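Below is one structure, written out as structure tokens; comments come after it.
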Amino acid sequence: MRKPIQRLLLIASLISLMVIGKSCVDALDFIGETVSGQVVIYGLFTDLDSTHIVNVGITRNFGLNQEGLDNALVVLVEENGQVHTFFSAGGGEYRLENFFGTPGKSYGLRVSIGNEVYESEMERMPEINAEDNVDFRFTTQLLADRINIPIFEAFGTSLIPNISEPVFLRWTAEETYFWPLLNPPSVGFPSPEPDPCFIQGMIEANRINLFSSVNSQTRTLELFFGSRNVDDSFLYPFFVTVNQYSINQRTFEYWDRIRIAISNQGGIFDTPPAPVIGNIRNPSNPEERVLGIFEVAKVRKTRVFTTSNEVPFFLPDRCRFVVGKPINEYPIECLDCERRAQGKRTLRRRPYWWVFQ
Amino acid sequence: MKKLFLLFVLVNCFFSKGNAQNEFKEIYFEHQGGLKKEKYLLTGTVTSKETGMPLENVSVHIDGFFTGINTDNFGQYVFSLDSGRHRIVFRRFGKNADFFIVNIFRDAVLDVTLGNFDFQLEMFTVMSEERDRNVRSPITGVTKMNIEELKLVPALLGEPDVFNVLQSMPGVTSVGEGSGGLNIRGGQADQNLIMMNEAIVLSNNHALGFLSAFNGDVLQNFSLYKGNVPSQFGGRSASALNIQTRNGDFENWGGTVSVGSAVTRLMLEGPIKTEKTSMIAALRRSNLNWKLSTVDQLDVQDSRLNFHDIYGGISHKFSQKNTIEFNLLNTGDRFQYSDQFGFQWNNFVSSLTSKNLVSDNFSIIGLVALGNFSNQFFEPTINDGFRITNGLEYQQAKLSGLWTSESVELTFGAEAVNYQMKPEQREPFNETSGILPGKVNKERGFEWAPFIGLDWTVSENFSLSVGARYSFYQQNGPDSVFLYQENLPVSRLNIMDRLAFESGPIVSYSGFEPRISFRWSLDETQSIKAGASLMNQYLQTISNATGPTPIDLWQISTTYILPQRSYNYSLGYFKNINENEWSTSLEGYYRISENQLEYRDFADLFLNPHIETELVQGEGRAYGIELLIQRNRGIVTGWLSYTYSRSLVRTTSPFREIQVNRGEWFPTNFDRPHILSLVSSINLGKKRFFNASFNYSTGRPVTAPSTNYIIAGIFIPDFGDRNQFRIPDYIRLDFSYLTNGIVRNWDDAINFSIYNVMSRRNAYSVFFQRENQSRRLRPYQLSVLGSIFPSVTYSVNF
């Protein structure tokens, strides 16, 4: 007969096993084959007097992002039939300047690639925006390994106009920070001052903030725009721009489906993934599925900024000039704006809104 | 390596030899004058020694062979014997067999009392010798088991569980861990008719499907009809599972208290009036939250998972021939994931059953049942937190008669079910929520069907089971029927008008449902069986999740949601070896289903007054081969099952834009071609048992991206055809150790279970995400149970 102490040991060992708790998500080794040759068109046309951009590309094998197409003809179509041609900026990007949308009017997009013509539906630009209030905070986040990391969070509220027509809104948040390039003293003639380096990118690009006033009587929304790690980007002024896009219902539904597609974690209650269809078609080949969307939005931008004085964490400055330190011992990002940006957009002129008020 | 060795030992043990010893009591029925005959009738009643209740399904063996005769619902049997000396054995699982040598020279009555199986015995017979039913019964695809057998299969949470055992049987699978419902022979989970004492039970699992809602303390046995469903069961198009609960003790009060690391149970039973009226009540409650708090994820730590079930039963014997039973089952679950979302569902089923023996060979059973299922999901988000509720109420009535003779068993009667779907409602989750309340009224329907079935033992070698059911269904008002533009798909964009019906019939369907099955015995130990059946279904679940969830919408057939219909064919070879020590079977099936429901991409199912716009109907095709090798007695018992099966579906809309995968065949979410299970129980003696089960199956299909692209800085996977990829294969090994007599002089037991001993992270699904700033999507697998899951349960009988 087993002795009581042995029984207790057996029970204790089993109970100790119970406290094993592990993550349930693992990366797999294989990369699925992907289909190439699908046309991807994304265009955003707004009421802002700024550059409007359309990206045209084609999907590639091996899961790589689409490749930009530079030989397309891209035109904006007004409801009266007038057209405005975009010019190619390279890399599949097409730009339209000196023209902007009028709320209440409809616009379409036509893209010609070789013999194929792709047309969007005519999309009406909404007339109403909500009133955003943006704020930020520095805090810490506890990771799974019990380490606290400093993070910056952008959040705010939005006051929805009290109108009978449904309102559909989408928000994105982007950061812009100044990165002074190292200009070490030189012998002889002083070297020219490098152009200022401003680096611009999305904060949590995959966070899709949406709101529909259908079925909701909420008029003051609390919003979380995104977070990022606190690093030396905060050594100098750091701006957060929240873009609020007032869109129509069809565009709202498109982004809602994109949100489902990118947030799918394979969970039990997750909506099963499916292809997301936008508003662009190939009339001569209805079977062809065009990826992307042409969206028409009334935009409101709200900006806030912070400086290093407000950062409650230590920020190492690896690019601080040290007399006698050879130039090749500085990190390359101290000297090169593009290298610092790591794929983000760079501005080499001070933006007009870079004002500290 | 050690794991492989253990498996090797198990397999070897599985094939080891057992033994048994029996004692025969000799009885003489002397000739009492008159003419001597060649054959005499022997009849009698078999009752339980403990409760005095008649025992049904006691098998009668004569001279070493099963006669095909079982006691009926009233514990009675009758058969004719050649005059002379015979060895007769009465067997039933969970009971000690009774052995007689009968010298019969006149018609005689032999009443038998069987006592409960005594755990003090050194040898334990896992499977009853009723197992030769698999050779003698005329019906294909039947799985029967009782609670004692269930207890010997290792289970998650240490609870003996019907669904856990069924998933180790051939032809039964599921979408995955954490997914409610069973998929039987290629059928969807909602195509299974699940009953408790023949009353329909809609919500039948706990803890996201890890546990069934049926408490082992009150179970008597279950019968799964996956091949040829008898005609008295209908309303679903794949299978029927009837779970029989037991009556309370008619003589003594007693009960069980059980405390486990996951579940706590209490059961009480006894006579309200000795030998006349008994009751049984059982309560089961989860205590899993402490486990969640140990997981290294804050959201999981903040999550809560609670469930309970309450069962009550009262039985009253007016006489030995007339009894009435009242049963009640209430189950409830609540799951909340951090402060993000949650689900809650409740089920209430009550039934009243009257059993009346009109004459020696004719009995009537009447049943009325009420069901009430409600569920809700909620999102307590900051701005517009909401709660959506829906559900279904139903009333069921069934009257059936059973007439038996020496070679014929005739069942006939009628069944009716009235369905009332509850209005679907949306409410603000709290006072700060700005969500607007909403409500969509739902449909009501009525289904009824007369049925008749005949089991005829034509000869020793040939028996036949034929039956028919004619089902009528009618959707009744009030409801609105949307009219859509002709030659365009049913879609919210194509709505033309709306017809309002205040009352009366809106649409009706009916269908003839023949069922036939036969058994041809090659000899006493082997037989061939075949069956064919047609079944209609007017109630189904609608879900936009990967697998069945407890909060799926129950939806009756409407003008646009046509009834499902299935054609089922099966053929099997059955062979028992060494006087039923081994049972083997090889069965094949082919199944075609019509009007199977598929959801459209991104279907919006909740608060949708025209839900047909989110669905598309199609046809299904399933086929497979099932092998079962089972050892019924000895030191090591258990079974090995292997299934090769496919389950495919295609949509059949004339409109290209709503077709799934262009109308081509594609695998269902639960299509797993290869499934292998090994379940074994080793009797270590002195009331100790070591049990193990090994499960392997092909990974289920998932939808994967066909390409990816970036727009507006967002990395987007573009998903291709539905279910064209598969997750990694599923492998799991479980152990349990059961021992009695922990405390001296107590009738107690302790069960150690280790679920997923290999700590394997079996994938539930695969999803694709961008890895950091890489330019590619990477596949990730989600495991519902990512580690070993031990549990301990201690129980005391009093």
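Below is a table of values for the structure above.
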read-out: Some residue of segment B:245-259 being closer than 21 Å to residue B:166 by Cα and touching a strand residue (DSSP E or B) at 6+ places or on another chain (Cβ under 8 Å); value: yes
read-out: Strands (runs of 3 or more DSSP E) contained in segment B:201-296 and holding at least 2 residues under 22 Å from residue B:53 (Cα atoms) and of a type in the set (D, E, K, R); value: B:263-273
read-out: Criterion: of a type in the set (Phe, Trp, Tyr) and open to solvent by 10 Å² or more (accessible area, probe 1.4 Å) - qualifying residue of B:210, B:250, B:222; value: B:210
read-out: Candidate set: segment B:674-728, residues that are within 9 Å of chain A (Cβ to nearest Cβ), open to solvent by 30 Å² or more (accessible area, probe 1.4 Å) and part of a strand (DSSP E or B); chosen: the one farthest from residue A:173 (Cα to Cα); value: B:725
read-out: Residue B:343 among the aromatic types (Phe, Trp, Tyr) and either open to solvent by 10 Å² or more (accessible area, probe 1.4 Å) or not in a strand (DSSP E or B) (or both); value: yes
read-out: Number of the condition not met by residue A:253 [criteria: (1) in the same structural domain as residue A:193 (by TED's automatic domain parsing); (2) open to solvent by less than 50 Å² (accessible area, probe 1.4 Å)]; value: (2)
read-out: Verdict on residue B:614 being open to solvent by 20 Å² or more (accessible area, probe 1.4 Å) and either more than 24 Å from residue B:534 (Cα to Cα) or not assigned by TED's automatic domain parsing to the domain that holds residue B:170 (or both); value: yes
read-out: Residue, farthest from residue A:97 (Cα to Cα), within segment A:47-64, restricted to residues that are open to solvent by 10 Å² or more (accessible area, probe 1.4 Å) and within 13 Å of chain B (Cβ to nearest Cβ); value: A:62
read-out: Residue in segment B:749-759 that is facing chain A (nearest Cβ under 7 Å), at pLDDT 80 or above, surrounded by 17 or more Cβ atoms within 10 Å (Cβ to Cβ) and more than 30 Å from residue B:269 (Cβ to Cβ) present; value: no
read-out: Residue list for segment B:735-748, filter: within 11 Å of chain A (Cβ to nearest Cβ), more than 27 Å from the chain's Cα centre (by Cα) and not polar (S, T, N, Q); value: B:741, B:742, B:743, B:744
read-out: Tally of residues being more than 14 Å from residue B:369 (Cβ to Cβ) and either open to solvent by 50 Å² or more (accessible area, probe 1.4 Å) or assigned to a strand (DSSP E or B) (or both) across segment B:406-419; value: 8
read-out: Those residues of segment B:426-461 which are surrounded by 16 or more Cβ atoms within 10 Å (Cβ to Cβ), among the small types (Gly, Ala, Ser) and either assigned to a loop (DSSP other than H, G, I, E, B) or within 14 Å of another protein chain (Cβ to nearest Cβ) (or both), in sequence order; value: B:433, B:434
read-out: Test: residue A:71 is surrounded by fewer than 17 Cβ atoms within 10 Å (Cβ to Cβ), touching a residue at least 24 places away in the same chain (Cβ under 8 Å) and closer than 30 Å to residue B:706 by Cβ; value: yes
read-out: All positions within segment B:659-673 that are within 13 Å of chain A (Cβ to nearest Cβ) and within 28 Å of the chain's Cα centre (by Cα); value: B:666, B:668, B:669
read-out: Residue within segment A:98-107 that is crowded, with 18+ Cβ neighbours inside 10 Å, in a strand (DSSP E or B) and touching a residue at least 40 places away in the same chain (Cβ under 8 Å) present; value: yes
read-out: Residue match in segment A:307-326 (condition: assigned to a helix (DSSP H, G or I) and surrounded by 10 or more Cβ atoms within 10 Å (Cβ to Cβ)); value: yes
read-out: Subset of segment B:368-389 (residues that are more than 14 Å from chain A (Cβ to nearest Cβ) and open to solvent by 10 Å² or more (accessible area, probe 1.4 Å)); value: B:368, B:370, B:372, B:374, B:389
read-out: Residue that is assigned by TED's automatic domain parsing to the domain that holds residue B:110, at pLDDT 75 or above, in contact with a Ser or Thr (Cβ under 6 Å, 6 or more places away or on another chain) and among the small types (Gly, Ala, Ser), where the choices are B:84, B:75; value: B:75
read-out: Matching residues in segment B:166-185 - criterion: being in a loop (DSSP other than H, G, I, E, B) and over 17 Å from residue B:589 (Cα atoms); value: B:167, B:168, B:174, B:175, B:176, B:177, B:178, B:179, B:180, B:181, B:182
read-out: Selection from segment A:191-223 of residues that are of a type in the set (Val, Ile, Thr), touching a helix residue (DSSP H, G or I) at 6+ places or on another chain (Cβ under 6 Å) and more than 9 Å from chain B (Cβ to nearest Cβ); value: A:199
read-out: Strands (runs of 3 or more DSSP E) contained in segment A:120-211 and holding at least 3 residues buried (at least 16 other Cβ atoms within 10 Å of the Cβ), of a type in the set (A, V, I, L, M) and touching a residue at least 40 places away in the same chain (Cβ under 8 Å); value: none
read-out: Meets criteria (closer than 18 Å to residue A:133 by Cα and either at pLDDT 95 or above or open to solvent by 40 Å² or more (accessible area, probe 1.4 Å) (or both)) for residue A:227; value: no
read-out: Tally of residues being under 26 Å from the mean Cα position of the chain (by Cα) and over 30 Å from residue A:159 (Cβ atoms) across segment A:285-311; value: 5
read-out: Residue list for segment A:230-244, restricted to those being open to solvent by less than 30 Å² (accessible area, probe 1.4 Å), assigned to a loop (DSSP other than H, G, I, E, B) and among the charged types (D, E, K, R); value: none
read-out: Answer from B:307, B:250, B:222, B:318 - the residue that is among the aromatic types (Phe, Trp, Tyr) and free of Cβ contacts under 8 Å to residues at least 60 places away in the same chain; value: B:318
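The values are calculated or read from the model by the stated rules, or taken from the named source; none is laboratory data. Computed from a prediction, not measured in an experiment: that's the story for all the values here. Positions of Cβ are generated from backbone atoms using ideal geometry, with glycine treated the same way; all protein chains shown enter the neighbour counts. These area figures cover heavy atoms from the full protein model, side chains too; ligands, DNA and RNA do not enter into them. Shrake-Rupley method; radii C 1.70, N 1.55, O 1.52, S 1.80 Å.
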